[in-house]
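One structure is given here, and the rest of the page talks about it.
FYI, it's all coordinate maths here, none of it is from the lab. Predicted model only: the values in this text are computed from it and were never measured. Note: ideal-geometry Cβ built from the backbone for every residue, glycine included; neighbour counts use all protein chains shown.
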Amino acid sequence: MDTKVPDKPQGGLGSAPTPPPLIQPGASASDGKVYEFPGGFKLKFQSGAMELGRNGATTEEVLDMLIEHIGGFQKGPYSCRENALTITKLEEARHWVLDRKQKREAQGVKGREAAHAS
């Protein structure tokens, strides 16, 4: 897949603008960041656009994992108000991450080096 942006606009009158290039791996400080935990466990986040290849976890996946993990405590003998609040806040965080993703998809900038309109 060619991700180069042409020097000059393509097409004639009424043609759609050329979309920004796909986000390349390592494009931001948090892109592809690896978190290391005691015991050698590592968590690596996706680096670059998914269209260029899968290489790490997404924010949504990590939030889902945390919701499931705390939910396991909440369904057992460790159920408590704090777990319930933690789950609620994680679900809220997931909502906003997905809202951002949907806006980027709708605006044609998901996976691209471009901001979306909030």
*Residue separation times 0.36 nm, minus the C-alpha to C-alpha distance between K101 and R54: what's the value?*
15.2 nm
*Out of the range 24-118, which trypsin sites (Lys or Arg not before Pro) are coil in DSSP terms and have no more than 11 other C-beta atoms within 10 Å?*
R54, K75
*Convex hull volume per residue in cubic angstrom - Cα atoms of the range 34-106*: 108 Å³
*Considering amide H positions built from the backbone, and no H for Pro or chain starts, which residues 5 or more places from A57, or on another chain, come under 5 Å of its amide H?*
K44, F45, Q46
*Taking the Cβ of K103 as the center, what net charge do the other residues with Cβ under 14 Å away carry, scoring Lys and Arg +1 and Asp and Glu -1?*
+3
*Value of relative contact order over the range 37-118, rounded to a whole percent, pairs C-alpha under 8 Å and six or more apart*: 25 percent
*So who's got an amide H within less than 5 Å of the one on R112, skipping anything under 5 residues away but keeping other chains? H placed 1.01 Å off N, in plane.*
I23
*With θ set to phi - 60°, apply the Karplus curve 6.51 cos²θ - 1.76 cosθ + 1.60 along the range 53-62 and write out the HN-Hα couplings as whole Hz, x wherever there is a Gly or Pro.*
x, 7, 9, x, 7, 8, 4, 4, 5, 5
